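Down below is the structure, laid out as structure tokens.
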Amino acid sequence: MRKVIAVIEMHDVWKVYPNGVEALRGIDVRIDQGEFCYVVGPSGAGKSTFIKLMYREEKPSSGVILINGVNVKRVRDWKIPYLRRKIGVVFQDYKLLPHLTAYENVAFAMEAIEAPRRKIRSRVQEVLELVGLADRMNALPSQLSGGEQQRVSIARAIVNNPGFLIADEPTGNLDPENSWDIMYLLEEINARGTTVVMATHNKEIVNTMRKRVIAIENGVIVRDEDQGEYGYED
Amino acid sequence: MKIDTMFRHAREAFKSLKRNTWMTFAAVSAVAVTLLIFGFFLVFAFNINYLSKELDQQVAIRASIVPGASADDIEQLQKQIEQNPEVKSVTFIPKAQGLQQLKAQLGEDSKILEGLEGEENPLPDTLVIVPQNPQRIEELANKVKAHNLIEHEDHGDGVTDKLLDFSSLVRNVVLVFGLGLAVLAAFLISNTIKLTIFARRREIEIMRLVGASNWFIRWPFFIEGAFIGMLGAVFPVIIVLAFYKAALNVLTDGSQYSFIKMLPMMPLSLYVAALTTFLGVLIGIWGSVISIRRFLRV
């Protein structure tokens with residue numbers, strides 16, 4: 001039997017911001033390779049902080065975080081970029097560079113880690129085909145719809161083969177039809193072996209596309225169930 | 001690092017300079033003004049340094065020997081003084097030679113010395129003693145004076161001291177002033193770079209997210225800063241050297257043997273150009289370091 005590796009492990013993790021706000025209070029969680037997992041909860045409950053800890057945008061105040069088995073606290077600052085190469089991140093507002101085409105936006109992520117140019121061309125083509133935008137690759141973000149822009153941003157997040165994809169409300173700015181396109185895409189990426197963690201407020205999606213659900217309220221995990229439900233009324 | 005990557009950094013830097021034309025212009029001007037002042041001080045400092053070295057060489061004790069001392073005694077005295085480690089050199093000038101030198105200095109007015117040759121020569125035999133360290137000439141002069149074969153001693157009566165004090169004061173003032181200006185210029189550059197970083201903060205954010213190394217992010221800004229510094233050095237160097245050439249022509253008629261001692265154009269121009277450019281690049285890079293640190297928190 002293959003050993004299941006934890007992509008994320010948190011043990012008694014606290015996050016207290018300098019202004020005294022306790023965003024997370026004793027989080028214990030484990031997310032394994034290949035999982036698809038929703039993070040839900042009211043606004044201001046600590047979801048964002050939880051997500052940011054996973055790609056080391058924030059450091060925990062106390063407790064232990066292992067990313068791919070590596071204790072984040074022991075990683076020196078200058079090595080953080082190499083840790084991040086194994087993690088792709090997608091945001092609600094896409095964060096595309098407006099003066100670059102779809103192709104260039106995706107290629108940018110490979111240039112930034114100094115990938116060989118020949119490899120960049122074929123790989124960018126490949127992921128743009130995967131997200132269904134091969135024919136739109138010369139368009140600027142302003143010429144693309146919201147759904148298309150989010151697909152470019154997903155392409156950018158996975159172009160370096162990260163193995164772990166974090167999506168912070170990826171459907172937050174999209175209409176239901178485009179939201180579902182994005183969800184099918186994430187599901188396909190997950191089916192190819194990439195772990196996906198997605199923070200969301202979308203009740204319909206969570207209740208239809210059943211996956212593991214982690215609910216956070218007041219900085220504490222109040223619910224963690226496979227095939228869970230959204231559980232809130234907003 | 002790969003050549004490809006280096007080209008990319010340079011391309012990014014120039015793109016950003018072009019995109020922010022006005023900010024680039026402002027920063028380059030700021031650097032240029034600073035370096036202009038620095039450049040003038042530099043030629044001044046070089047010349048003061050040169051002058052004080054010349055002065056140092058002229059600083060000497062002229063010790064006159066009591067009349068009637070024998071040649072043997074004088075030779076012995078000279079050897080004795082030479083043994084002092086404070087002494088650089090001792091030259092014996094017999095009174096006949098001294099008269100010749102005086103005549104040469106007086107030039108056309110040397111007529112007044114006519115008829116003083118031979119037995120009538122009123123000048124004493126003289127030892128010219130050059131000290132190792134011009135600053136300690138006073139001490140050495142007192143020692144020399146103590147000798148009973150020395151009738152009288154003259155070391156410029158503190159004029160040289162004052163000149164030496166003045167030149168070292170000027171050197172220090174130049175140093176402090178120059179340093180202050182460099183800091184000022186670095187902050188001006190850092191502000192410019194800050195603006196270009198601000199314009200590119202989304203790019204930096206994404207680079208950080210996808211795992212670009214800190215150096216990969218920094219390089220374009222370093223190149224940008226260095227280039228602003230280099231560009232800012234061009235005009236000051238030209239202006240300073242043009243002024244210096246004019247000053248050289250007016251003050252010394254282009255002759256090296258005039259009353260006012262000034263360094264010739266070469267190799268001074270090379271030093272000034274190299275130092276000014278170097279300083280420009282340095283404050284450029286420094287400026288970009290200051291401004292990028294904050295954006296690179298991990």
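The values are calculated or read from the model by the stated rules, or taken from the named source; none is laboratory data. These numbers come from a predicted model, not from an experiment. Here the Cβ positions follow ideal geometry from the backbone for every residue, glycine too, while neighbour counts run over all protein chains shown. Quick note on the areas: whole protein, heavy atoms, side chains included, nothing else; ligands and nucleic acids left out. Shrake-Rupley method; radii C 1.70, N 1.55, O 1.52, S 1.80 Å.
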For this session: Compute the signed sum of charges (Lys and Arg +1, Asp and Glu -1) over the other residues within less than 12 Å, Cβ to Cβ, of residue B:12.
Result: +4
Problem set entry | Farthest toward positive dipole pole in chain B [+1 Lys/Arg, -1 Asp/Glu at C-beta], among B:87, B:296, B:223 | B:296
Exercise. So for the protein assembly as shown: antiparallel DSSP bridges make up what percent, rounded to the nearest 5?
Worked result: 65
For this session: Please work out how much accessible surface residue B:41 shows to a 1.4 Å probe, ignoring ligands, DNA and RNA, in Å² rounded to 10.
Result: 60
Exercise. Can you tell which of B:173, B:240, B:272 shows the greatest fluctuation in a Gaussian network model of chain B with Cα springs below 10 Å?
Worked result: B:173
Seminar exercise, completed: Mean-square fluctuation maximum in Gaussian network of chain B, Cα pairs under 10 Å, restricted to B:239, B:206, B:189, hits B:206
For this session: Give the percent of DSSP beta bridges with both residues in chain A that are antiparallel, rounded to the nearest 5.
Result: 55
For this session: Exposed loop trypsin sites (Lys or Arg not before Pro) only (DSSP loop, at most 12 other Cβ atoms within 10 Å): please give the longest stretch of chain A free of them, not including the sites.
Result: A:77-191
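Over both sides of the A-B contact, add up the buried accessible area with a 1.4 Å probe and give it to the nearest 100 Å².
Protein heavy atoms only, the A-B interface buries about 2100 Å².
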Seminar exercise, completed: SASA check, residue B:62, accessible area w/ 1.4 Å probe, all protein chains in place, rounded to nearest 10 Å², comes out at 110
Problem set entry | Relative contact order for region B:71-179, counting Cα pairs under 8 Å that sit 6 or more residues apart, in percent | 26
For this session: Just reorder A:5, B:3 by solvent-accessible area, largest first, 1.4 Å probe, all chains present.
Result: B:3, A:5
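Sort A:180, B:286 by accessible area with a 1.4 Å probe, largest first.
B:286, A:180
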Problem set entry | With DNA, RNA and ligands ignored, accessible area of residue A:232 (1.4 Å probe; Å², nearest 10) | 40
Seminar exercise, completed: Taking Cα pairs closer than 8 Å and at least 6 residues apart, the relative contact order of region A:101-218 in percent is 25
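Rounded, prolate or oblate, given the Cα gyration tensor of the protein assembly as shown, with a/c below 1.5 counting as rounded? Mind dumping the intermediate values first?
Working: a/c = 4.74, a/b = 3.14, b/c = 1.51.
It is prolate, given that a/c is not under 1.5 and a/b is the larger ratio.
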Problem set entry | Positive-end extreme of charge dipole, the protein assembly as shown - chosen from A:24, B:155, A:165 (charges on Cβ) | A:165
Problem set entry | Where GluC sites (Glu not before Pro) fall in DSSP loop in region B:42-130, at most 15 other Cβ within 10 Å | B:86, B:114, B:117
For this session: Compute the relative contact order of chain B as a whole-number percentage, counting only Cα pairs closer than 8 Å that sit 6 or more residues apart in sequence.
Result: 30
For this session: Could you rank A:137, B:266, A:10 by how accessible they are, 1.4 Å probe, largest area first?
Result: B:266, A:137, A:10
